[in-house]
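Visitor: Sharing a structure below in structure tokens format, with a few things to ask.
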Amino acid sequence: MFFRHVFALLTLAAAGQVAAETTAHATPGDAKAGEAKAAACAACHSADGNSTLAMYPKIAGQNESYIARQLAQFKSGKRNNPIMAPFVAELSPQDMADIGAFFATKAATPNQADEAYVARAQQLYRAGDAKLGVPACMACHGPDGRGMAGSAYPQLAGQWADYVQAKFGEWRAGTTWGDDEHARIMPEIARRLSDQDIAALASYAQGLHTAAAAD
């Protein structure tokens with residue numbers, strides 16, 4: 001039942017009928033304005049969004065709408081994070097869009113996937129596992145891991161494997177955030193995957209490459 005439900009949602013999303021609520025702002029984000037506004041982000045995420053510590057996610061190349069939406073959810077408390085809370089407290093919706101636009105111009109630096117995991121991870125990522133009731137990851141996150149900007153599904157390509165595994169652990173434990181569609185789908189998927197499958201997918205995501213970002 002869950003498997004059919006997820007695929008129904010994905011079909012609608014692909015048709016453009018399922019679009020998550022986006023952060024309202026008067027104009028699209030301005031990457032140039034966002035560069036100055038993103039200065040504080042460098043402490044954890046690095047100046048170009050490629051964090052050097054796996055405990056902090058890479059946000060380079062993440063789509064603008066996803067970043068803006070997450071910043072809004074940190075500010076509203078829908079996504080609870082004591083580190084992020086003070087950084088977003090004074091941001092306006094336009095500030096969030098500008099910051100998102102700036103990091104969207106960057107490219108996530110890919111790392112290596114563990115070859116021992118690739119076969120299983122590629123199966124799960126590209127085709128899913130019907131026996132487990134797990135849909136293909138690329139249905140939401142794209143064949144190259146770039147995500148779906150209009151449907152609240154984030155970029156995974158190049159993300160630290162440790163960070164991805166940590167998120168799976170939180171979803172398994174029932175720790176979710178906000179009201180994005182993936183935040184409702186992922187806990188059930190995480191519970192259906194084995195520890196080894198999660199490690200495989202995390203490693204695979206870390207090794208995914210995306211197209212070079214625009215200058």
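Bear in mind that the values in this text are calculations on the coordinates, not laboratory data. Nothing here was measured: the structure is a model prediction, and the numbers come from that model. Glycine gets a Cβ as well: all are built from the backbone with ideal geometry, and neighbour counts include every protein chain shown.
Visitor: Taking 0.36 nm per residue of sequence separation and subtracting the Cα-Cα distance, how much length would be gained by fully extending the chain between residue 173 and residue 123, in nm to one decimal? Provide the component values of the computation, followed by the final result.
Guide: Details: separation 50, 0.36 × 50 = 18.00 nm, distance 2.50 nm.
Taking residue 173 through residue 123 to full extension adds about 15.5 nm, to one decimal.
Visitor: Under the 0.36 nm per residue contour assumption, what length would be gained going from the current alpha-carbon distance of residue 32 and residue 130 to full extension? Each step should come with its number before you reach the end.
Guide: On the way: separation 98, 0.36 × 98 = 35.28 nm, distance 4.51 nm.
Stretched out fully, the residue 32 to residue 130 stretch lengthens by 30.8 nm.
Visitor: Here's something else I'd like to know. So what is the relative contact order for the range 141-215, in percent, with contacts set as C-alpha pairs under 8 Å and at least six apart?
Guide: Working: 87 pairs, mean separation 29.8, N = 75.
It comes to 40 percent, rounded to a whole number.
Visitor: Kindly put 132, 201 in sequence by how many other C-beta atoms sit within 10 Å of each C-beta, fewest to most. Intermediate values should be presented prior to the final figure.
Guide: Values: 132 14, 201 26.
Listing 132, 201 from fewest to most nearby Cβ atoms yields 132, 201.
Visitor: Follow-up. When the C-alpha atoms of the range 31-104 are aligned to their principal axes, what extent does each axis show, in angstrom, from largest down?
Guide: 27, 26, 18
Visitor: By per-residue mean of other Cβ atoms within 10 Å, what is the highest-first order of 90-96, 78-84?
Guide: Working: 90-96: 17.3, 78-84: 13.6.
Going from most to least packed, we get 90-96, 78-84.
Visitor: Also, quick follow-up: Which of the lysines could a cross-linker bridge to residue 75, judged by Cα under 22 Å and excluding same-chain residues fewer than eight apart?
Guide: 37, 58, 167
Visitor: Here is a follow-up. Could you please rank 209, 45, placing first whichever residue has the fewest other Cβ atoms within 10 Å of its Cβ?
Guide: On the way: 209 13, 45 21.
Lowest count first: 209, 45.
Visitor: With a cut-off of 8 Å between alpha carbons and a minimum separation of six or more residues, what is the relative contact order of the range 31-104 in percent? Please report the intermediate quantities before stating the final value.
Guide: Working: 105 pairs, mean separation 33.1, N = 74.
So the answer I get is 45 percent.
Visitor: Arrange 87, 103, 168 by Cβ neighbour counts within 10 Å, fewest through most, would you? If you can, show how the numbers build up before the last one.
Guide: Working: 87 16, 103 28, 168 22.
The fewest-first ordering by Cβ neighbours comes to 87, 168, 103.
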